[in-house]
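*Asks:* Once you've had a glance at the structure underneath, I'll fire off some questions.
The numbers here are math on the coordinates, done by the rules we state, and not lab data. Fair warning: this is a prediction, and the values are worked out from it, not measured in the lab. Heads up, the Cβs are rebuilt from the backbone with ideal geometry, glycines too, and the neighbour counts pull from every protein chain shown.
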There are 2 protein chains.
Amino acid sequence: MVEYELPKLGVAGSNPVARSLILIKGENFFEILHQDNESNARTGIIKTKNGEIETPSFMPVATLANVKTQTPKDLINAGVQVFITNTYHLHLRPGEDVIRKLGGLHKFMGWNKPIVTDSGGFQVFSLAQLRKVTDEGVEFSSHIDGRKEFFSPEKVIDIQTELGSNIIHPLDECVPYPSSHSYAEEGLNRTLKWAKRSKSHFSKKERDDILMFGIIQGSTYKDLRKIAVEKIVSLDFSGYAIGGVAVGEPTDEIIEISNFTASLLPSDKPRYLMGVGSPEDIVKAVASGIDLFDCVIPTRNGRTGTVYTKSGKIIIKGNAYKEDNSPIEEGCDCYTCKHFSRAYIRHLFNTGEILGQYLATLHNIRFYMRLMAEMREAINNRIFKDWSDTFIKNFKQEV
Amino acid sequence: MVEYELPKLGVAGSNPVARSLILIKGENFFEILHQDNESNARTGIIKTKNGEIETPSFMPVATLANVKTQTPKDLINAGVQVFITNTYHLHLRPGEDVIRKLGGLHKFMGWNKPIVTDSGGFQVFSLAQLRKVTDEGVEFSSHIDGRKEFFSPEKVIDIQTELGSNIIHPLDECVPYPSSHSYAEEGLNRTLKWAKRSKSHFSKKERDDILMFGIIQGSTYKDLRKIAVEKIVSLDFSGYAIGGVAVGEPTDEIIEISNFTASLLPSDKPRYLMGVGSPEDIVKAVASGIDLFDCVIPTRNGRTGTVYTKSGKIIIKGNAYKEDNSPIEEGCDCYTCKHFSRAYIRHLFNTGEILGQYLATLHNIRFYMRLMAEMREAINNRIFKDWSDTFIKNFKQEV
């Protein structure tokens, strides 16, 4: 911890004051602004070379170097501060060499704020064909054209560095749910070896401008999660990602494991829960002290016509909305809600118009951004427990 | 012709002056601002209840109550002043009754500028199944669910009035290309009878706020076109649409027939060439004195990755653009060109991302709007002939 004079701060209403910052790497820091008294929830700031992320923060997923249907302008308008894009997919198309030659991911995508890349591990273990895993790495066939590829821990770091990501992740083995204890343990041991090699390889690059988070695996087994935390934390990463959750297990188990794992992680580093999730799961995980989230839910649901309100989800194609002149959500400040009725969006979905997918996605992203902003405000105002109880009571699975 | 004091005018740089306006209906007028000396090209203004249209003007096609992939905000940013939407499609989904209950097309779509509707004739004769045409009207099965429908001239006027369109069209029979003289003549005679009934039915509504254009049919036969003009013009519509061109005939024949037909039409009413077209065809038709155009080309091409530059069309998926860091068109002021490279748009198309369709469509519409604005400026500055020669010389079919 160091005292640090910060000229400007990305939180509305605060003044330049001397603050307690944790310098996690180079000039990049993590600062905890407020720690909730009634839960592990906290607000903070992660500073990267491309700007600050207010936490708890939700990262939309930009699988193929775009958040599906949305422009960077739309994301900015929605309040998005960071998104996550995909090492596996971008390696296959268009390739990290192409993106590097074109000036890196930020220039390629027209986005100058923070970008996070995953390790590609999840995709290699869920999407790729003819997988052959050894301690050396993983050989697989591209799901696009069957082309043989090989990911080693070193290669995955090289790809992410070449892409120009702000926060990168080491290659990990993500075991499916359910997995036996011994299978999960084997996967974990490989993940731990790979983490060490990744860290060592990345250190040689002397890239103080890029942060690397360690990934905690261990499936649903608490003993394995505990070992994972001890070993990964001993390698001293800039933050810690909880992986291998939300891979098919019941929602209670997601919360149970992420709660347990989060409680073991150091409090002075960002905690990231990968692939989560629904608004309710996010609210619960924030109470466990999670700072970062990513999930395809708001965008994928947007494209299929499931939209969010504080009362729950709406299937907009429903006949009930045929002559409904109200916006998706009363009071929502997004472009969709300010200009279009449920009836119009329903019409667009029922006639297969892309504009419907765009407008619904835009609303869903804004819904998630408002959710995170409200949580940050509730934590800062010391009313998070009340706020989250009310939110969960009102939010039905479907309305 | 009346002298009319107009407090403000939608053309940049002009001052409030007494001007010669042709009041075509109620408070709606057509004004010719400048008539070219070397061609029949002219600039003008069509004023409707929902605002002014600067002519020559291009109308993007909003088949199903949206210009595919684009928001009203995007259209405004591109300089779109009016679009055309589809009587046949909107009757089937969601139905004119639904749109009326929701406040009409303008409210439904979030667009407060002029809207034109076609008669549905073209779709009934090209898309619908099991067609049965009598003088009374046309019975057909919906191409969506086979539901039996009947369009009479009166019904089509009712639908368009209910939708709340600014400029409507009478039901017409659009014969395919090629058609025999006798078949084309039969279709034309029916169109003429229907036009008379449409005019009479619409008059009873006393809707001075809605303009109706007559449609000139007659296939590629000049004698039929001449008869059509005489009969339709004798009914005194607010403007005249040239229909039944660009239905498969060679491009020279499109220009030949539209040129011939336009020359017969009164000069004090707007002339609209339906379904045209490519940038070159539009430039040539403007020289014939056409004021309004509509075509799916910029939007359909946008969705399949064909984009426009002044040097010609580009198939953006091409391997040549893999590492091309330049915008689609150097100097273009659209959002796409200001923020993204050809390489990025190519990547989006090659990975099937909707955002690519959106960005390419956005550029193409802006390209068309710049084309029309440049033509208006060239006509007003008395350099249209030079301008059009240069444009056509530079514009290759493909680059």
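*Asks:* List the distances, in nm to one decimal, from the label point of residue A:34 to the label points of the same position in every other copy, shortest first, placing each label point 7 Å from Cα along the Cα-to-Cβ direction.
*Replies:* Label point to label point, same position, other copies: 6.2 nm.
*Asks:* What is the gain in length, in nm to one decimal, between residue B:300 and residue B:381 on full extension, counting 0.36 nm per residue of separation less the C-alpha to C-alpha distance?
*Replies:* Stretched fully, the residue B:300-residue B:381 segment lengthens by 25.9 nm.
*Asks:* May I pose another question? Can you work out D for the protein assembly as shown in µm² s⁻¹ from Stokes-Einstein, where Rh is the Kirkwood radius over C-alpha pairs, the temperature is 25 °C and the viscosity is 0.890 mPa s?
*Replies:* In µm²/s, the coefficient rounds to 84.
*Asks:* Taking every DSSP beta bridge that has both residues in the protein assembly as shown, what percent is antiparallel when rounded to the nearest 5?
*Replies:* Counting DSSP beta bridges with both partners in the protein assembly as shown, the antiparallel share is about 55 percent.
*Asks:* While we're here: How far, in nm to one decimal, is residue B:352 from itself in the other copies if the label point is set 7 angstrom along Cα toward Cβ? Shortest first, please.
*Replies:* Ordered by increasing distance: 1.5 nm.
*Asks:* Calculate for chain B the 222 nm mean residue ellipticity that helices alone would give, adding -39,500 (n - 2.57) per DSSP H run of length 4 or more and normalising by residue count, nearest 500 deg cm²/dmol.
*Replies:* Working: 15 runs with 162 residues, N = 399.
So the helix-based figure for chain B works out to -12000 deg cm²/dmol.
*Asks:* Something else now. Which residue in chain B puts its Cβ closest to the axis that rotates chain B onto chain A, and at what distance in whole Å?
*Replies:* B:354, 3
*Asks:* Just flag the trypsin sites (Lys or Arg not before Pro) in the range B:144-192 sitting in loop per DSSP whose Cβ has no more than 15 other Cβ atoms within 10 Å.
*Replies:* Listed in order of number, the matching sites are B:147.
*Asks:* Which order do A:91, B:34, A:363 fall in if you start with the one that has the fewest other Cβ atoms within 10 Å?
*Replies:* Ordered by Cβ neighbours within 10 Å, fewest first: B:34, A:91, A:363.
*Asks:* Jot down the radius of gyration and Dmax of the range B:301-398, Cα atoms only, both in angstrom.
*Replies:* Spelled out, the Cα radius of gyration and Dmax of the range B:301-398 are 14.2, 47 Å.
*Asks:* Ignoring the sites themselves, what is the longest stretch of chain B with no GluC sites (Glu not before Pro) in a DSSP loop and at most 16 other beta-carbon atoms within 10 Å?
*Replies:* The reported range is B:207-322.
*Asks:* Let me ask you something else. Normalising by the residue count of the range A:301-398, find the relative contact order in percent from Cα pairs under 8 Å and 6+ residues apart.
*Replies:* Contact order relative to length: 34 percent.
*Asks:* Additional query: Antiparallel as a % of all DSSP beta bridges within the range B:50-294, to the nearest 5?
*Replies:* Here the share of antiparallel DSSP bridges comes out near 30 percent.
*Asks:* Just how large is the dipole of the range A:267-318 about the Cα centre, in debye to the nearest 20, putting +1 at every Lys and Arg Cβ and -1 at every Asp and Glu Cβ?
*Replies:* For the range A:267-318, the charge dipole is close to 280 debye.
*Asks:* Copy-to-copy spacing for residue B:385, label 7 Å out on the Cα-to-C-beta vector, in nm, shortest first?
*Replies:* Output for residue B:385: 8.6 nm, nearest copy listed first.
*Asks:* Next question. Per-residue HN-Hα couplings for the range A:117-130, Karplus 6.51 cos²θ - 1.76 cosθ + 1.60 at θ = phi - 60°, whole Hz, x for Gly and Pro?
*Replies:* With the stated coefficients, the range A:117-130 comes to 10, 7, 8, x, x, 4, 5, 4, 8, 10, 10, 6, 9, 6 Hz.
*Asks:* How big is the dipole moment of the protein assembly as shown about its Cα centre under a simple scheme where the beta carbon of each Lys and Arg is +1, that of each Asp and Glu is -1, and everything else is neutral? Debye, nearest 20, please.
*Replies:* It comes to approximately 160 debye.
*Asks:* Might you report the magnitude of the Cβ-based charge dipole of the range B:301-398 about its Cα centre, with Lys and Arg at +1 and Asp and Glu at -1, to the nearest 20 debye?
*Replies:* Magnitude of the dipole: close to 180 debye.
*Asks:* Using the charge dipole of chain B (Lys, Arg: +1 at Cβ; Asp, Glu: -1 at Cβ; taken about the Cα centre), state which of B:388, B:143, B:81 has its Cα farthest towards the positive end.
*Replies:* B:143
*Asks:* Just going by the charge dipole of the range A:55-294, with Lys and Arg at +1 and Asp and Glu at -1 on Cβ, which of A:272, A:224, A:161 is farthest out on the positive end?
*Replies:* Among A:272, A:224, A:161, the one farthest towards the positive end of the dipole of the range A:55-294 is A:161.
*Asks:* Between the range B:332-389 and the range A:300-315, how many Å separate their Cα centres?
*Replies:* 34
*Asks:* Whose amide H sits under 5 Å from the amide H of residue B:29, counting only residues 5 or more places off or on another chain, with H placed in the peptide plane?
*Replies:* Answer set, sorted by chain and number: B:24, B:47.
*Asks:* Once every Cα of chain B carries one equal point scatterer and solvent is ignored, give the base-10 log of I(q)/I(0) from the Debye formula at q = 0.07, 0.08, 0.14 Å⁻¹, two decimals.
*Replies:* Treating every Cα as an identical point scatterer, log10 I(q)/I(0) equals -0.31, -0.41, -1.31.
*Asks:* May I ask for the net charge around residue A:133, where only other residues with Cβ less than 11 Å from the Cβ of residue A:133 are counted and Lys, Arg are +1 while Asp, Glu are -1?
*Replies:* Neighbourhood net charge equals -2.
*Asks:* Give me, ordered by chain and number, the residues 5 or more places off residue B:55 or on other chains with an amide H under 5 Å from its own placed amide H.
*Replies:* Distant-sequence amide H within range of residue B:55: B:44, B:45, B:46.
*Asks:* At 0.36 nm per residue, and after removing the present C-alpha to C-alpha distance, how many nm does the segment from residue A:37 to residue A:148 gain when stretched out fully?
*Replies:* Additional length available on full extension: 34.8 nm.
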